[in-house]
1. Restricting to the stretch B:251-279, name every residue that is more than 7 Å from chain A (Cβ to nearest Cβ) and either part of a helix (DSSP H, G or I) or of a type in the set (Ser, Thr, Tyr) (or both).
2. Please specify each residue of the stretch A:164-177 satisfying the condition of being within 14 Å of chain B (Cβ to nearest Cβ) and either without any contact (Cβ under 8 Å) to a residue 40 or more places away in the chain or under 19 Å from A:Thr251 (Cβ atoms) (or both).
3. Within the stretch B:26-62, can you find the residues that are assigned to a helix (DSSP H, G or I), buried (at least 18 other Cβ atoms within 10 Å of the Cβ) and not acidic (Asp, Glu)?
4. Does A:Glu154 fit the bill of being more than 27 Å from A:Val76 (Cα to Cα), among the acidic types (Asp, Glu) and either within 12 Å of chain B (Cβ to nearest Cβ) or not in a loop (DSSP other than H, G, I, E, B) (or both)?
5. Please work out which one of (1) among the charged types (D, E, K, R); (2) more than 10 Å from every other protein chain (Cβ to nearest Cβ); (3) over 26 Å from B:Leu268 (Cα atoms) is the condition B:Lys106 fails and give its number.
6. Given the criteria within 14 Å of chain A (Cβ to nearest Cβ), of a type in the set (Ser, Thr, Tyr), surrounded by 21 or more Cβ atoms within 10 Å (Cβ to Cβ) and over 30 Å from B:Gly31 (Cα atoms), does B:Tyr124 qualify?
7. Take the stretch B:71-94 and flag every residue that is of a type outside the set (A, V, I, L, M), under 13 Å from B:His55 (Cα atoms) and exposed (fewer than 13 other Cβ atoms within 10 Å of the Cβ).
8. Evaluate the following for A:Leu84: is it assigned to a loop (DSSP other than H, G, I, E, B), out of contact with any strand residue (DSSP E or B) (no Cβ under 6 Å at 6 or more places or on another chain) and free of Cβ contacts under 8 Å to residues at least 40 places away in the same chain?
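The values are calculated or read from the model by the stated rules, or taken from the named source; none is laboratory data. The shown structure was predicted, so the numbers you read here are calculated from the model rather than taken from an experiment. Note that each Cβ is placed from the backbone with ideal geometry, even for glycine, and that neighbours are counted across all protein chains shown.
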Amino acid sequence: MIRAAALLLVLLLARVTSAEEWSPPRLAFGDPDLQGTWTNATITPLERPDEIEALVVPPEEGHRIEKLVADLYAAVDDVPAGKLEAGEDVGGYNTFWMDPGKRLAVVRGEIRTSIITDPPDGELPYSLRGRAQLVKRFWRLRKADDPETRLLGERCLVGFGSSGGPPMLPVLYNNNYQIVQSPGFVTILVEMNHNARIIRLGAQHRQGPIRPWLGDSVGRFEGQTLVVETTHFHPAQSFRVSLTHAVYMSTDAKVVERFTRLSAKEILYEFSVEDLENYRQIWKGEMPLLAAEGRIFEYACHEGNYSLTNILAGERAKD
Amino acid sequence: MRRTLFALLAVTALSAAARAPAESAWVAPRGPGGKPDVNGTWQVMNRANDGLETHAARAARALRDGPHGPVPAKEVLALGAVGAVPAGLGVVVGDGIPYQAWARKKQTENQAHWLSRDPEVKCYLPGIPRATYLPYPFQILYNEDALFFAYEYAGAVRNIHLTDPGPAPIDSWMGQSVGKWEGDTLVIETTGQHDQSWLDRAGNFHSEALRVVERLTPTSPLTMRYEATLEDAKVYTRPWTIRMTLYRLVGDDAQLQQFNCVEFVEELIYGHLRKQPLDRIESSE
């Protein structure tokens, strides 16, 4: 027993010591080095599922949830034999095409059940107006009368949901980001849809009629932490829906992101969203960006977009 | 008269002499890793995207026969002077593109069917080298560990490997690029492009065997010489080179905007699938 306690103490001390000793590298021009290819793939959803109360769960419970989700995904491939009758649901991708991650997010050593940390219940704190906007946009989606009413991801204008953000949230696949820095800039390449977020350091927000995709981002370093403030969003990007989240944000919402490199293989990603038009309070979240294996390949969505053609043509056939 | 002419010649000779050493003596300011600082926003000021080869001005990019020569095709007629093509001096070094005979024929056909065939019309990714001389700026982000090009057109991007990862595992629109410095010249080799991209609006094309070697050399604080050699044994008889100047955008101009043109071609590509399609002029092609 004593030996076990001593071992635990040694392990803990080793962990504290290594965290203190590890000094984030700096680039030759002085900025902390955040460069590399990172992934935010995780099965921890933005909002906490109703059946889970706590933000943090012990390892056994974490493993149980991870197995549950793995079984759910495995069931996607479990297609019954035989022919489908005309008019039946043909399904979508099998799991070969999905890459949502297998693990729950671990932040500061805690296994998390939602990306949202505030409000404490882990739910998006929609105001009545915000909820109504979200429902209105979902209602429009039930039809495919025109390409403009479809999701941005289906139209290949930006990635699904809030993949490019900000806040940058994990979706069903392509949850990869490449960070490249140069004097005065931090650029985040969002794999889906090859969107480069060019963050201007020490700059002022732009005003006027140009509202960029992924918003207008300016940043600064506070010690080791990159702080990015984004607003002035493109109006079409208010409705961000994927299978993992449904966010509605006004064009003047303000998103603050904090990137802190904790080790060679991890960046802590924290964010807050201020949009009192659509939410009762500022909401916050955190998750790790982990070093990704491999490299980012071209996400040429529009060039091969037979999906939107088929969505519209299918609807016309139904008409 | 003779004296005036002599004086003029002398002045010209002197100014040329003064220019020559100035250009060769100019040393680019050092950037990350002690290499020339190519960070910044750049753009060409030429007509290369309208045609790499020398071309006279013409009435439109899509033409049809008129009673006295070509006139704008009906699909582009309403654009008037806005749709006309300005003359271009050409950027090909030497005597034009050395196409194999079949390939020159195909290029001519491509040009005749420009409207339905040019990937730029549909906002497809531009490929290399066309991304460079599209009439939109691009930003170079560079340090000793990374090199990245972000293009305004279609939000195209290019991550340029500084360590060769080996052959491209799959062909793509923008290909796989590997960069290195040779003295003060940034040399980028691009392979792994498929055959879907074009080189300009004049139907010039390549196959998936294309290998492009670009050479970017700073020539003044605000200019770079850009050369690209294209090697494609399936289409050309020998490697050939284009050469042009890149200009650094300064002040307020040095801001990369977004030209996410996918949105702007939805009516073109999907308009016929609307519940209530709008009137449209059907293409004659």
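1. B:Gly251, B:Asp252, B:Asp253, B:Cys261, B:Phe264, B:Val265, B:Glu267, B:Leu268, B:Ile269, B:Gly271, B:His272 - these are the residues of the stretch B:251-279 that are more than 7 Å from chain A (Cβ to nearest Cβ) and either part of a helix (DSSP H, G or I) or of a type in the set (Ser, Thr, Tyr) (or both).
2. Within the stretch A:164-177, A:Gly164 is the sole residue that qualifies.
3. B:Pro32, B:Ala48, B:Asn49
4. No.
5. (3)
6. Answer is yes for this residue.
7. B:Pro86
8. Values: assigned to a loop (DSSP other than H, G, I, E, B): yes; out of contact with any strand residue (DSSP E or B) (no Cβ under 6 Å at 6 or more places or on another chain): yes; free of Cβ contacts under 8 Å to residues at least 40 places away in the same chain: yes.
Considered against the rule, which asks whether it is assigned to a loop (DSSP other than H, G, I, E, B), out of contact with any strand residue (DSSP E or B) (no Cβ under 6 Å at 6 or more places or on another chain) and free of Cβ contacts under 8 Å to residues at least 40 places away in the same chain, A:Leu84 comes out as yes.
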